Amino acid sequence: MDFNMANKNWDLIKHRKKYFGLTIIMTLIGAILLSTVGLNLGIDFESGTRVDVVAGEPLTEEEVADHFIAAGGFEPDDITLAGDNNEQASARFIGAMPQEDVGEIQAYFTNEFGEEPNVSTVSPQIGRELAQNAIIATLLAAFGIVIYVAFRFEFLYGVAAVAALLYDAVFVLTIFSILQLEVNIPFIAAILTVVGYSINDTIVTFDRIRENMKKEDEIRDFNHLAKVVNDSLLQTLTRSINTVLTVLFAAGAIWLFGSEAITSFAFAIVIGLIAGTYSSLFFAAQLWLVMKHRSLERKKNKPVEAEEY
């Protein structure tokens, strides 16, 4: 897909205040939803037990629930079907299940379907540790990105890049909070994957901005700086769109046709890539533009202030 001829007169900078406003509104909505509705945490982060049943015949949620009641009066809090013909089922129980109950369930389903179900149990302590480790991993990734971008480019690039990445993460969390999709370890992997793609796209754009800045002897005013940024965005637009489309096709196929176990992973990547493309083109570069202009203005005013003093 080639936008080079069509985009020469596009001005991606003039609506920057609208982009900033949209970003702030989405972030506030996300903060409100996360603090009120919250996330649907899977047993990876919350104390619970998951029982994965494999049958040789199609199942329904009602049938699976009846089987658990017959196994000993167990009532799953959530049942998810998977497989081409719904021959697989995952039942989730809030809270750690005693070993005796696990034994009863395994014996019952082994007798019914000829295959022992897989039972995964996470204690409250392990759930808290996993949640803390996930947060620490994300923060370390963000910190590493700031250090790298600040060293490779300059500090303002790092600030703009991390602000965009935080928006990407909040956007994905907001969608998952609205839809109440399960948040588990694969979800964290999806977030880190989105962060990787997004920062890659942002760095390519920043690299082009830096190259174009070197061609300018002196930045005269804000409009001059804005033109440099806009030209850089247009020069990398084709590459950004083509890159995200290729990954979206793959992630979309996994989301639509993959197994139930990786649906949330693929969906998180799909919406994360969309958010990442938006933040790279319409938020990170514009944020850097505003901060860079203010920095240049301060440098221009320093000698004047010193003379007046």
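All of the numbers you see were taken from the coordinates with simple rules; none came from a lab. In this text the structure is predicted, and so the values were computed from the model without any measurement. Here the Cβ is made from the backbone with ideal geometry for all residues, glycine too, and neighbour counts use every protein chain on show.
One table, with the values for the structure above:
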{"read-out": "Nearest-ten-degree value, helix 61-72 long axis tilted from longest Cα axis of the chain", "value": "50 degrees"}
{"read-out": "Longest site-free stretch - the chain; sites: trypsin sites (Lys or Arg not before Pro), DSSP loop, at most 13 other Cβ within 10 Å", "value": "15-214"}
{"read-out": "Angle between the chain longest axis and helix 16-36 axis [Cα atoms, degrees, rounded to 10]", "value": "30 degrees"}
{"read-out": "Degrees, to the nearest 10: 285-308 long Cα axis against longest axis of the chain", "value": "40 degrees"}
{"read-out": "Largest-first principal axis extents of the Cα set of segment 48-122 (Å)", "value": "31, 22, 18"}
{"read-out": "Cβ-based charge dipole, the chain, positive-most Cα from Ala31, Ala71, Phe143", "value": "Phe143"}
{"read-out": "Neighbour net charge for Thr193 - beta-carbon separation under 14 angstrom, K R +1, D E -1", "value": "-2"}
{"read-out": "Amide proton proximity set for Ala96, modelled H, under 5 Å, gap of 5+", "value": "Gly48"}
{"read-out": "Dipole of segment 48-122, positive end: most advanced residue of Ile105, Ala82, Val122 [Cβ charges, Cα centre]", "value": "Val122"}
{"read-out": "For segment 10-51, alpha-carbon Rg over 2.2 N^0.38 Å", "value": "1.96"}
{"read-out": "Rule-of-thumb Rg ratio for the chain [Cα; 2.2 N^0.38 Å; N residues]", "value": "1.29"}
{"read-out": "Among Glu62, Glu154, Glu87: highest mean-square fluctuation, GNM of the chain, C-alpha pairs under 10 Å", "value": "Glu62"}
{"read-out": "Top of Ile175, Ile262, Ile69 by mean-square fluctuation, Gaussian network on the chain, Cα under 10 Å", "value": "Ile69"}
{"read-out": "CD proxy at 222 nm, helix term only [per DSSP H run n ≥ 4: -39500 (n - 2.57); per residue of the chain; nearest 500]", "value": "-24000 deg cm²/dmol"}
{"read-out": "Cβ-based net charge around Val290, under 12 Å, with every Lys or Arg adding one and every Asp or Glu removing one", "value": "+3"}
